[in-house]
Each structure stands twice: as structure tokens, then as C-alpha cells.
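> There's a structure below that I have some questions on.
The values are calculated or read from the model by the stated rules, or taken from the named source; none is laboratory data. Please read these numbers as outputs of a predicted model, since none were measured by experiment. For neighbour counting, all protein chains shown are included, and Cβ atoms are generated from backbone atoms with ideal geometry for every residue, glycine included. Surface areas here come from the heavy atoms of the whole protein model, side chains and all, with no ligands, DNA or RNA. Shrake-Rupley method; radii C 1.70, N 1.55, O 1.52, S 1.80 Å.
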Amino acid sequence: MNLAKNFLFLPLTVLGLLAALPAQAADPLKIGILLPLTGTLASDGNRLLKANQLAVTQINAANLPGLPGGKVELVVADTQSKPEIARSEAERLISREKVSIVVGGYSSASVLPATQVVERYRVPFIVTSATADAITERGLQFVFHVAPKGSWSARDIANFIEYLNTKKGQNIDKVALAYEDGPFGQSVSKAYKDLLPSRGLQIVAEESFRTGSPDLSTQAAKLKASGAKLVLIVCYVDDESMLLRALAAQQYRPYVLGYGGGHVHPTLLKLGDVAEGSFGVVEWMADMQKPASKAFAGAFTAAYGTAPLSNSAQAYAATWAAALAASEVKGADPVAIRDALRKISIKDGPASLLPNNALAFDKDGQNQIGTVMTQVIGNKFVTVWPEAFAADQVKLAK
């Protein structure tokens, strides 16, 4: 049957009805979410996904002008906490699901192979929480990074130790390192080793371990033998919990300073006195004095019945940035969205909740952002430094 020919002989009344039908609405913006939803990092990935979903609920209610279809649709992919799966799932999101942009990532080990995929397909990827410096130091044109580089924490930690020594009467001069042996731990610990000695801090021990190690008592014993006054820990929350227990079993109670969102995880508070007084360097805290930050913390808690962590804030900001970039170009073309992300500067509104003046990316795709120091005080995570952001003062053992 010749459908085109038969169409010509439809009654004029039918043709008129067809012409009067509304044009099909544009498809919504498809954002691929790449996260570890099963495996060793599942709890972290699912927490980030909630922040992505909260952002989409708000975006879809905001009626952003120019947003394709007026809506955002999330297409979720599970990396299973495995780098090789992260690579294949990134490819599936782009080649089969036809997403316009990818948001997510948690561990640097999974993010790095995924960035190679998006670069090949020329689709932007806003990395939320991974910290390896290499994410934005390889000349990639479609990769953006919301979190600070891992190496930047060394600068902030050195300044914090100086603050403790000069303003709080401490004498911290010997430190030890304990870190997971993947790209995350290696990148951050290298930054510590490169910078801290130049600031008068002697590194007297260095212990690495595999993520998910069943026992860390050997590492704890070696850390105790070093006589370090401060132990810098770089790992995920389950390993940090195990290490803190192992240090306590050794009756070794140095100052402890953990790294990133894993340190401000509710799991650590279950340790009680073992975690009390410990410090963490993190990218965001709910008690920061910033309107967008407080609004996000309240909305997240209302939606899920639990307070958000630092990487949740990053996932939320990244999702908003993706939608705002698409709204700016009034379309879903990945290259056009990439170009908009290069120019974006978000100084207010939901995406401005992080501790910097504006969410903006430099020529390498890196957001210029600092960190804050938290401490477990009364079994709660509290921002204690810099003083401009602090919700309470540092509490030191007498």
C-alpha cells in the first residue's frame, strides 16, 4: 500500500483535524547518572543518587526556560564499584541510551576509565566526588570536575595544622599517613608527601592497604610505633572505621584527620568515643553559613529523613549545572552543552551551595573550590575551620 498516495485522498475534514493536533513536545533532557549502586561503595553511590533525584524534582518544578521538553530525565547506570563496569556503563549510557550529558562518579578508579569513554564520544561528563588530580590534568575537553583536586587538601591541612599550633597551643610536628592503595589514596597521599615536609611537618610513617581489607591491626601497630602526633587517613568509610578501631585497640590516640565525604559518614558516629574528637577535611558541610547550603540540607533531610553529606551536595550542584547549561543553549546537543559549561558561573540559586564564590570551571574543567575542617563533637560532625565558616570552636583533649 502506498501510504503517501492514500494520504492525499483523505477527506479535507480529517486533514483539518490532523493539522489542528498539537505538535509533539520535545523530549526531556536525558542525563546519565554513573554511580556505584552495588558492591563495596554502594551506600555512597545510593546517597549521591538521592541528591541527583532531589535536584531533578526541583528542576522539573522550576520550569527553566529553554530546557528541552521542560524536564530532565535521569538514566541511571550502576558501576558495581568496578572500574571495568564503569567504562562499559558509560558507553551504554551514551551509545544506547543517548544521554546528552553524564553526571556522577565516586571513586577515582572508576571515574578515570569513564572519562576516556566520554571524550571519545564527545559527551560532557560532570564528575562529582572523585579526587584524583589526573581527572582534569590530561587535556580532556569534555570532562568537568565539581570537587577540589585531592592535592589541594594538603595545602588546607598544612594551614589547619599551623592554626592548631599557633592559635590552639599545640605542637604537631610529626605526622603519619594511612591510605587505600588505589588512585584516590595515592593521589591525596602524594600531595601530602610533596607539601607537608616543606611546612615543617615530618612524615614518620606511611601505611597503605587495599580497600575492603579484612584487618588493619598490623598497620595500626606500625602507626603507633612511629610516635606520630597526627595520623592523616585517606580511604573510604568502612576502612576508616576499621582503622580507628584498630588504633583504639592499640591504645593509641593521636589526633586523626580523615579525608573527604567518607569521614563525615554516619557510620563513623556509630564508633562513639573511638571517633570523638577526630577531624576531617571535607568539601562541604550542612552547617556552613550559606543560604543555598542551608536550603539544600533542609530539603534533603525533609525528603529522605537523613542529613546529606559533602558528596551529596556535589552531586546536587552538578545536576543543577547540567540542567542550567542545557537551558542556556536551549537544546540537548552534547557539544553545545559542553561549551555552555565552559562559560557557566553560578553565584546564586541552588547550585551555589558549595564553599566558593561561584560554581565555575577553568580551562581544564576544574571547579575552583576549597575545603573545610570538621570535628566530631558530642557525636556530631561540626565545621570548626576556617573560622569564617565555623559553626563551633575546635575542641582539643586536655
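> May I ask you to list the residues in the stretch 187-235 that are within 23 Å of Lys82 (Cβ to Cβ) and without any contact (Cβ under 8 Å) to a residue 12 or more places away in the chain?
Pro214
> Open to solvent by 70 Å² or more (accessible area, probe 1.4 Å), touching a strand residue (DSSP E or B) at 6+ places or on another chain (Cβ under 9 Å) and at pLDDT 95 or above, is that true of Lys30?
Values: open to solvent by 70 Å² or more (accessible area, probe 1.4 Å): no; touching a strand residue (DSSP E or B) at 6+ places or on another chain (Cβ under 9 Å): yes; at pLDDT 95 or above: yes.
No.
> Being at pLDDT 95 or above, open to solvent by 20 Å² or more (accessible area, probe 1.4 Å) and of a type in the set (S, T, N, Q) is the filter; apply it to the stretch 52-70 and report the residue that is nearest to Asp27 (Cα to Cα).
Of everything passing the filter in the stretch 52-70, Asn60 is nearest to Asp27 (Cα to Cα).
> Collect the residues in the stretch 343-398 that are of a type outside the set (A, V, I, L, M, F, W, C), surrounded by 16 or more Cβ atoms within 10 Å (Cβ to Cβ) and assigned to a strand (DSSP E or B), keeping them in residue-number order.
Within the stretch 343-398, Gln366, Asn367, Thr374, Gln375, Thr383 qualify.
> Report every pair of residues separated by at least 6 positions or lying on different chains whose Cβ atoms are under 6 Å apart, first residue within the stretch 337-348 and closer than 10 Å to Phe361 by Cβ and free of Cβ contacts under 8 Å to residues at least 60 places away in the same chain, second not in a helix (DSSP H, G or I) and not charged (D, E, K, R).
Final answer for the pair search is Ser345/Ala358; Ser345/Ala360.
> Against the condition open to solvent by 30 Å² or more (accessible area, probe 1.4 Å), within 19 Å of Phe184 (Cβ to Cβ), outside any helix (DSSP H, G or I) and not hydrophobic (A, V, I, L, M, F, W, C), how does Arg155 come out, does it pass? Let's see the steps before the verdict.
Numbers: open to solvent by 30 Å² or more (accessible area, probe 1.4 Å): yes; within 19 Å of Phe184 (Cβ to Cβ): yes; outside any helix (DSSP H, G or I): no; not hydrophobic (A, V, I, L, M, F, W, C): yes.
The answer is no for Arg155.
> Considering each residue of the stretch 257-283, count those that are more than 22 Å from the chain's Cα centre (by Cα), open to solvent by less than 30 Å² (accessible area, probe 1.4 Å) and without any contact (Cβ under 8 Å) to a residue 40 or more places away in the chain, and give that number.
Let us first name the residues in the stretch 257-283 that are more than 22 Å from the chain's Cα centre (by Cα), namely 270-277.
Imposing the further condition that a residue be open to solvent by less than 30 Å² (accessible area, probe 1.4 Å) reduces the set to 271-272, 275, 277.
Narrowing the set further to residues that are without any contact (Cβ under 8 Å) to a residue 40 or more places away in the chain leaves 271.
Residues meeting the conditions: 1.
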